[in-house]
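Quick notes on the structure that follows.
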Amino acid sequence: MSQPFNSSAQVPCLRDLDTENGEFWVSSPWNFPASGENLSAYERNGVFLNDRKGGFHDVSFASGADSPGDGRSAVSGDITGDGMPELFVRQAGGGALLVYRNRFPRVHSLQLSLRGTRSNSLGVGARIECRMGKRVIRRSLYPVVNFLSQLPAMVHLGLGDATRIDHLTIRWPSGEVQEFRDVPVDRHIRVREGEADYRTLRKHRH
Ligand SMILES: [Ca+2]
């Protein structure tokens with residue numbers, strides 16, 4: 001349509017609809033949620049579990065998050081304070097916002113926030129490397145992760161059964177590199193660029 005930001009615009013249907021076969025027409029795209037129609041044709045959302053061997057398991061039904069709604073974005077973040085991120089799904093039909101509490105078996109984790117001094121203040125663009133024995137996890141801090149959705153500017157590291165981090169390395173956008181050894185887990189820590197010690201903001205609830 002020629003005026004996508006005109007919320008009162010109406011576009012007439014171009015031909016007769018075959019309603020018996022489920023065809024529908026919504027004359028303004030702003031009216032999809034109100035009309036109850038569903039652009040995804042009630043296709044169910046999918047959830048896939050990383051098996052850490054290069055594959056994924058389809059756990060859509062088992063997770064309970066296989067909503068038939070018209071999903072637009074999904075992000076995850078821990079709102080219960082136990083270190084296990086919840087799943088948030090924003091939909092245009094079938095419920096505007098779905099929140100799925102994380103009931104997977106508890107694993108160890110670390111939340112890491114950054115405060116830049118030479119770099120930008122939230123450390124956006126920093127690269128984080130986490131070593132535990134032979135296992136290495138690499139993440140970048142980018143708080144924008146999905147369509148019209150945003151998470152706090154932190155990195156959430158799922159650590160499995162590891163109870164300590166041998167080496168935690170932060171490569172700041174400024175080029176500064178900081179390394180910490182033998183870092184305890186199950187907490188939210190904050191690292192300030194250039195400071196020798198990190199600060200523990202909160203320990204995860206048990
Ligand atoms: Ca949680």
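The values are calculated or read from the model by the stated rules, or taken from the named source; none is laboratory data. On a predicted model such as this, the values are computed, not experimentally measured, just so you know. Here Cβ is always computed from backbone atoms with ideal geometry, including for glycine, and neighbour counts include all displayed protein chains. Heavy atoms of the whole protein, side chains included, go into the accessibility calculation; ligands, DNA and RNA do not. Shrake-Rupley method; radii C 1.70, N 1.55, O 1.52, S 1.80 Å.
Looking at the stretch 95-203, the GluC sites (Glu not before Pro) that sit in a DSSP loop and have at most 13 other Cβ atoms within 10 Å of their own Cβ are E195.
Cα centroid separation, the stretch 1-73 to the stretch 147-199: 37 Å.
Each peptide in 51-57, 74-80, 21-27 was scored by the mean count of other Cβ atoms within 10 Å over its residues; highest first, the order is 74-80, 21-27, 51-57. Packing-based ranking of 92-105, 150-163, 112-125 yields 112-125, 150-163, 92-105, ordered from highest to lowest mean Cβ neighbour count within 10 Å. If you take all other residues with their beta carbon under 12 Å from the beta carbon of R190, and give Lys and Arg +1 and Asp and Glu -1, the sum is +2.
Helical content alone sets the calculated 222 nm signal of the chain at -500 deg cm²/dmol, taking -39,500 (n - 2.57) per DSSP H segment of four or more residues and averaging over every residue.
Heavy atoms of the protein chains alone define the surface here; on that basis the chain has 63 Å² accessible area per residue at 1.4 Å probe size. The Rg/Rh ratio for the stretch 101-198 is 0.97, where Rg is the radius of gyration of the alpha carbons and Rh is the Kirkwood radius.
Basic side chains Lys and Arg get +1 at the Cβ, acidic Asp and Glu get -1 at the Cβ, and with that the dipole of the stretch 114-158 about its Cα centre reaches some 260 debye. All other residues whose Cβ lies under 15 angstrom from that of R106 are scored, Lys and Arg at +1 and Asp and Glu at -1, for a net of 0. Element breakdown for the stretch 108-203 at a 1.4 angstrom probe: carbon and sulfur atoms account for 46% of the accessible area. Of the trypsin sites (Lys or Arg not before Pro) found in the stretch 120-186, those in coil by DSSP whose Cβ has at most 10 other Cβ atoms within 10 Å are K134.
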